[in-house]
Amino acid sequence: MVDFWPLTSAQQGVWLGQQLAPESPQFNIAEYVDISGPVEISVLVACIETAVAEASALHVRFVESGQVRTAVTAEVAVIDLLDEADPVAAARSWMLRDVAVPRSLTGGDLFAHRVFRVGDRRILWYHRAHHILLDGYGMALLTGRVAELYRAAVDGLPTPPTTFGDWSAVIAADRAYAASADRERDRAFWLDQLADRPAPVTLSGAARATAPASPVRANAVLPPDIVAGLHATARAARTNWTEVLIAAVAGYLHRMTGAAQVCLALPVMLRTGTPALRVPCMTLNGIPLWIEFGDDPALIDVTVRVARQLVRGRRHHRYRAEDLRRDLGLVGTDRAMYGPSVNLMLFDYDLRIPMCDSVVHNISAGMIDDLVFNLYDRADGADPMLYLDGHPAVYSSETLNTHLRRFLHFLRAVLELPGVPVRDADLLLPGERETLRAWETGPVRNWPERNLRDLFVEAIDRAPQASAGAEDTNTTDPHDGSRGGSDDSRTMRALASAAMSPVIVPDSTRTERDCRGGVGQLSRLPGPAGANAAGMRAFAGGDSAQVAKPVDPGGVRPLGAPVCGTVVPDVAHCGLLLGTWVLGSPR
């Protein structure tokens, strides 16, 4: 008799996403374990096969109406790359090609294992799975079980009994929640939390990317001084260090956009206290986390707010993000429910393979809408790693690497002074302050009494046809907010095409917050000239440069060509900026 199981609510979201983009590899997740030492390859292969046989959630095939239980065998190929000029590079290249291949849910090949020989005493064990089968925690469970089996085998001990739970129990618990009053209670909680919220800001300043794509990636080791600072701030706030990191990401988003409220996405595992705790499967959900910055909080204050928000929402995490998007009327639109995501991968990867050293490396963390801060702390003795994954439609590799460097610079600054308002933390990278100072030299010209609104609208008027970008062949009136295309992009391109000299409206009495507010007033203009003030603010975090300089009230100083990369305002008193915008840098 064939066992038929319905999809879980978590699987349904993945199923629908893959059906909408069947040629996309967006749901492939993958990692590899770098093992150095006298590893017995044949024993390792046998242990992988045993662990897969024990994981009931992998033993399914998918049909249009659900999933059918079936026997699945792990075919673990061993690939010898010793003859390659660079065996490790050749193995990684193979992995990247494999993870970029779309996988049909109704076909096979939804997971794979490969063992690459890259040295006389070194192998790379690669594991790839479709997200409908496993999430990061599920992959960690499977990897840990393989290591447990291997230790017993090489030590000549009996095979330890499996601790994996049954997939059917996870399905039953999911169905019980769907029919419970708890689900309606959770729905009401989130709708109340999200009522009357502004549109979430992003570092790209762009609408939610709907076209699936493989992400652009930048990564770095978290330096020991930053890790120590995270722990010290956590002790002061009486919370854990990962919540300090979440607060810092929120603070960075606030500083880069000027938004008084920011919203992050937090993936949550939904396993504690459920049958899924010991089942290699996929249960991941995403929750919105709104943080207020209107009262100029310090990092320690933001950390406390994050911790309280997480405690308040914890019992409501099971309500699916896909359902919440539908409740909010966001399905079928490019409107986002949250901004960047902070994905905490804090899994025990101390594999303790006898007489060997092992390090786990992530290849792909799965689907991405905008930007994800992935933190990996594997409890294996290695330093925590931070990966930034950006959607290639809105982040170039250069932009993402600049964000990574700037965030680490900002993180170090706020950790050194966790009681000082986040708005005072330094954002400028080495050399940028000198560049700004160099821009102070040059001729000063008088400017008639004009206000920012008039200057902005004039720039649009001088380039009425410039709002259609190179990728958009439609001619669009920039005053007409009802036409298609990206308002932010059209407005910024119109400014660029108008060849408008970057100017600062002199007013030395204004504070930096006043400057942000002045730019924000543009949102009240009709049409794309004011359609989204985030276009002025958040483009500073994308492929653009925004500079605010202190000036004397006696004149207006034109600035020179912008520096490469991103420059952001970092002044206590400044005039209001209108320009410099760099558009069309490589995407």
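A compact table of results
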read-out	value
Tally, over the stretch 231-277, of residues that are part of a helix (DSSP H, G or I), more than 18 Å from the chain's Cα centre (by Cα) and basic (Lys, Arg)	1
Complete set of residues in the stretch 330-351 that are surrounded by 19 or more Cβ atoms within 10 Å (Cβ to Cβ) and under 19 Å from PHE373 (Cα atoms)	ALA336, MET337, TYR338, GLY339, PRO340, SER341, VAL342, ASN343, LEU344, MET345, PHE347
Lone qualifier among THR257, THR303 - being crowded, with 23+ Cβ neighbours inside 10 Å, touching a Lys or Arg at 6+ places or on another chain (Cβ under 7 Å) and not small (Gly, Ala, Ser)	THR257
Residues satisfying the stated conditions in the stretch 422-446, i.e. at pLDDT 90 or above and either within 16 Å of ILE246 (Cα to Cα) or outside the structural domain of ASN219 (by the TED database) (or both)	VAL422
Where a residue in the stretch 228-248 is among the acidic types (Asp, Glu) and its partner, wherever it lies, is in a helix (DSSP H, G or I), with Cβ under 6 Å and at least six apart	GLU243/THR303; GLU243/VAL306; GLU243/ALA307
Residue list for the stretch 71-89, restricted to those being assigned to a loop (DSSP other than H, G, I, E, B) and within 35 Å of the chain's Cα centre (by Cα)	VAL72, THR73, ALA74, GLU75, VAL76, LEU81, GLU84, ALA85, ASP86
Residue check, ILE368 in contact with a helix residue (DSSP H, G or I) (Cβ under 8 Å, 6 or more places away or on another chain) and under 23 Å from SER93 (Cα atoms)	no
Residue match in the stretch 97-108 (condition: outside any loop (DSSP other than H, G, I, E, B), closer than 24 Å to GLY37 by Cβ and not assigned by the TED database to the domain that holds SER214)	no
All helices (runs of 4 or more DSSP H) inside the stretch 128-218 with 2 or more residues being basic (Lys, Arg)	136-154, 181-193
Test result for THR242, over 23 Å from ALA336 (Cα atoms) and either touching a strand residue (DSSP E or B) at 6+ places or on another chain (Cβ under 6 Å) or not assigned by the TED database to the domain that holds ALA413 (or both)	yes
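The values are calculated or read from the model by the stated rules, or taken from the named source; none is laboratory data. Note that the structure is a prediction, hence the values are computed from the model and not measured. FYI the Cβ positions are ideal-geometry reconstructions off the backbone, even for glycines, and counts take in every protein chain you see.
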